[in-house]
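Everything on this sheet refers to the single structure shown next.
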Amino acid sequence: MSIVKLSHGSGGLGSNKLINEVILKYLGNEFLNELRDAAKLDVSGKLAFTTDSFVVSPEFFPGGDIGKLSVFGTCNDLAVSGAVPAYLSLSFIISEGYKIIDLEKILQSVSDSAKIADVLVVCGDTKVVERTGEPFIYLNTAGVGKLVKDLNDYPSIAEGDRVILSSDIGRHGMAVMAVRGEFPIETSIKSDCCNLYDIFKNLGYEGIRFARDATRGGVAAVLNEISDKSGLGFELYESAIPVAEDVKNFCEFFGFDPLVVANEGVAVLICDKNFSDKILKSMTGLDICRNAAEVGIVKNGGVVLKNSFGGIRNVEIPSGELLPRIC
Ligand code: MG
């Protein structure tokens, strides 16, 4: 078996072979091994439930791949909702001709990432479709976790609250664009794809009113959405926004605003002002939050950015598709 064939999605012998010899080799666990029609899970209390699809192109990029992205992306949506990620579903849509060796690399990455995130893949599906061009692979996930604190409660946000970014911004978008060869110069920018639940596991929830991960559309999209729903605005301080030097250079050169570039490892936290210093201090002790920073304050009005000369501009919600197939 060196490439995926249409028969691998037939539901018959070919499918069995792919599931038993390839997929279970990496993802097998007490739930998945049973190959039931539906996983039997023991859950109680309030649950958070999310789903996502992953079509990133190319599927391997500096700092990650579609497997790592799908596990952390799904777990991050649970984590920033205030849940402890527990179970995932994982489905593949693969074109015929896709190399088994690449599928195995992705499965290994899913397995490694699931271990880091402490979640189990408990059900899944594989479909094989005809190819028209280059072979491709898409992943679809769902995730459930036990809800500990509702971190998506808009009315809990108050004027004077502080905005913290858990890391420097723009790395995922720039890394994927660079590997596609969209820049005429070399770069070593890596995706920031990581497990954001680490933040809540280590810090707890005290003083954190609201959280969201700044994926497609970046920090600008997240803050505009929160502003829309909460009726409050944000004043951001340009000089406080953490952007790595190489990302900053690329953004300047190619005319991107780092605030709209996608991240896969940045949480936007809205914190009670009496706790923000303590939260930031604890966060910067975590590996994934070394560059965390307090970047603004909740105020009435829209989302604005203040530069070091006191000039103010509106931060618009990005329109159109800036960076297609980034996640
Ligand atoms: Mg999200």
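Just so it is clear, none of the values below were taken in a lab; they were calculated from the coordinates. Worth saying up front: this structure is predicted, and the values here are computed from it rather than measured. Ideal geometry is used to build each Cβ from the backbone, glycine not excepted, and the neighbour counts take in all protein chains shown.
What the table below lists for this structure:
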| quantity | calculated |
| --- | --- |
| Using a Förster distance of 30 Å, the FRET efficiency for Arg131-Arg36 (Cβ separation, nearest 0.05) | 0.45 |
| Considering only the chain, percent of DSSP beta bridges that pair antiparallel, nearest 5 | 75 |
| Unit charges on C-beta of K, R, D, E only; dipole of the chain, Debye | 360 |
| Mean Cα-pair separation over length for the chain, i.e. relative contact order, pairs under 8 Å, 6 or more apart, % | 22 |
| Amide hydrogen neighbours beyond the local backbone of Gly64, cut-off 5 Å, H modeled | Ser191 |
| Computed label-point distance, nm, for sites Lys17 and Thr51 using a 7 Å Cα→Cβ extension | 3.1 |
| In degrees, nearest ten, helix 66-79 long axis to first principal axis of the chain (Cα) | 50 |
| FRET efficiency estimate (nearest 0.05) - Cβ-Cβ, Ser10 to Lys115, R0 35 angstrom | 0.65 |
| Most to least packed among 265-275, 285-295, 20-30, 68-78 [average Cβ atoms within 10 Å] | 68-78, 265-275, 285-295, 20-30 |
| Set Lys105/Lys127; Lys146/Lys248; Lys190/Lys299; Lys68/Lys248 screened for pairs whose C-alpha atoms are more than 28 Å apart | Lys146/Lys248; Lys190/Lys299 |
| Contact order normalised by residue count of the range 248-327, Cα under 8 Å, 6+ apart, percent | 16 |
| Three-way shape label, the range 80-213, alpha-carbon gyration tensor, a/c 1.5 | oblate |
